Amino acid sequence: MQVSFACTDHGLKAPRNGEHSKQNATSPNTASQARARFRTVALIARSLGSFTHRYHHNLKESTAKLTGMKYRNLGKSGLRVSCLGLGTWVTFGGQISDEVAEQLMTIAYESGVNLFDTAEVYSGGKAEIILGNIIKKKCWRRSSLVITTKLYWGGKAETERGLNRKHIIEEIVRAMTHVINQGMSMYWGTSRWSAMEIMEAYSVARQFNLIPPVCEQAEYHFFQRDKVETQLPELYHKIGVGVVSWSPLACGIITGKYENGVPETSRASMKPYQWLREKIMSEDGRKQQAKLKELAHIAEKLGCTLPQLAIAWCLRNEGVSSVLLGSSNPSQLTENLGAIQVIPKMTAGIASELDHILGNRPHSKKDYHH
């Protein structure tokens, strides 16, 4: 399990006079001390640096009537996030160049996306740096963005990973409260925690007057429904924990590119992604591929692509605050952002048709739809 953060400009204050030269003179020590004190958030703060406000682009002006982007509260907190966010896993600092990363962020931002997700482990920390450099270069107003990052898989040493005191300062809930009180982050959440663990964290926070988590990052798509639809709704209604879901296209399976096996040029053919190849070639994977053809008929009826249908389907759940998109090229991202236009078409009748095809609807006490 991991912990995640939503950072705003409180943790990214411009340096005072003379601080730039002082940091440059001792950058190796400064970097190591910052990572020792607090690995990821400190790294993002250094990457983003100070911001010029004279030529910033206003997010509100760039979204508006053309994109139709919708905004939701992060859980039941007061923070408003775009219902679609951009993730950096695998792509930033890995599959794509810095130039393509900038193109993707520009398309996302100009389409109304204000939530960008990363983690300390993504490309060994490069993803965070690239993200910060792009924001700085584009002169986007920092207060218009929500940057989320995650801790757990840090360095190679035993003391550089996990959720122990040496790695993240204190015991989890107390440490997150400290981070927020210090202005390094505004909110904190969890990633891949069980409902029981999240409830325990909430209870600890209330017992010791600390700050509880506001969201859980969870996998959610056509073929992975149980946790988000049966376990997390109760937490959403009782303690206000919302969902930031990831992998709406099931690691690319729902795009249909693995319909005839694993292409040699695909990510699943690479050694680090053997788990994905095994998933695709498994019996369950073959059954999922068969269902995609039926799902494609529903998408055709609605006048959208299958990926757009899959993303809109995720957004029908009222407990989902935002769905993170992962894209490796501009056309793919533009297509996925078009899912916004499909949301109004996700009627109860369409949802029922999809459930009939999928045949994996969890048994829940109540349906949660917008």
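The values are calculated or read from the model by the stated rules, or taken from the named source; none is laboratory data. Quick caveat: nothing in here was measured; it's all calculated off a predicted structure. Cβ placement follows ideal geometry from the backbone for every residue including glycine, while neighbour counts extend to all protein chains displayed. The area values use the complete protein model at the heavy-atom level, side chains included, leaving out ligands, DNA and RNA. Shrake-Rupley method; radii C 1.70, N 1.55, O 1.52, S 1.80 Å.
Worth a mention:
- The lone exception for Leu309 - which of (1) within 27 Å of Ser266 (Cα to Cα); (2) surrounded by fewer than 16 Cβ atoms within 10 Å (Cβ to Cβ) it fails: (2)
- Screening His178 on (1) assigned to a helix (DSSP H, G or I); (2) within 25 Å of Val146 (Cα to Cα); (3) in contact (Cβ under 8 Å) with a residue 12 or more places away in the chain shows it passes everything except condition (3).
- Residues in region 94-121 that are open to solvent by 30 Å² or more (accessible area, probe 1.4 Å) and either β-branched (Val, Ile, Thr) or in a helix (DSSP H, G or I) (or both): Gly94, Gln95, Asp98, Glu99, Val100, Glu102, Gln103, Ile107, Glu110, Val121.
- Pairs with Cβ under 6 Å, 6+ apart, first in region 284-304 and closer than 16 Å to Met346 by Cβ, second in a helix (DSSP H, G or I) and aromatic (Phe, Trp, Tyr): none
- Taking each residue of region 315-339 that is under 17 Å from Gly252 (Cβ atoms) and open to solvent by less than 10 Å² (accessible area, probe 1.4 Å) and looking for partners that are assigned to a helix (DSSP H, G or I) and among the hydroxyl-bearing types (Ser, Thr, Tyr) with beta-carbon atoms closer than 9 Å, six or more apart or interchain, yields Ser327/Thr91; Ser327/Thr334.
- Near pairs, Cβ below 8 angstrom, 6+ apart or cross-chain, from region 355-370 (under 19 Å from Glu318 (Cβ atoms) and at pLDDT 50 or above) to any residue that is open to solvent by 70 Å² or more (accessible area, probe 1.4 Å) and assigned to a helix (DSSP H, G or I): Pro362/Asp226
- Unmet requirement for Gly261, which otherwise passes all of (1) at pLDDT 80 or above; (2) more than 30 Å from Pro213 (Cβ to Cβ): (1)
- Extreme residue, farthest from the chain's Cα centre (by Cα), among residues of region 240-267 that are farther than 15 Å from Ser282 by Cα and charged (D, E, K, R): Glu264
- Unique match (being in contact with a Lys or Arg (Cβ under 7 Å, 6 or more places away or on another chain) and at pLDDT 95 or above) among Leu325, Leu337, Leu302: Leu302
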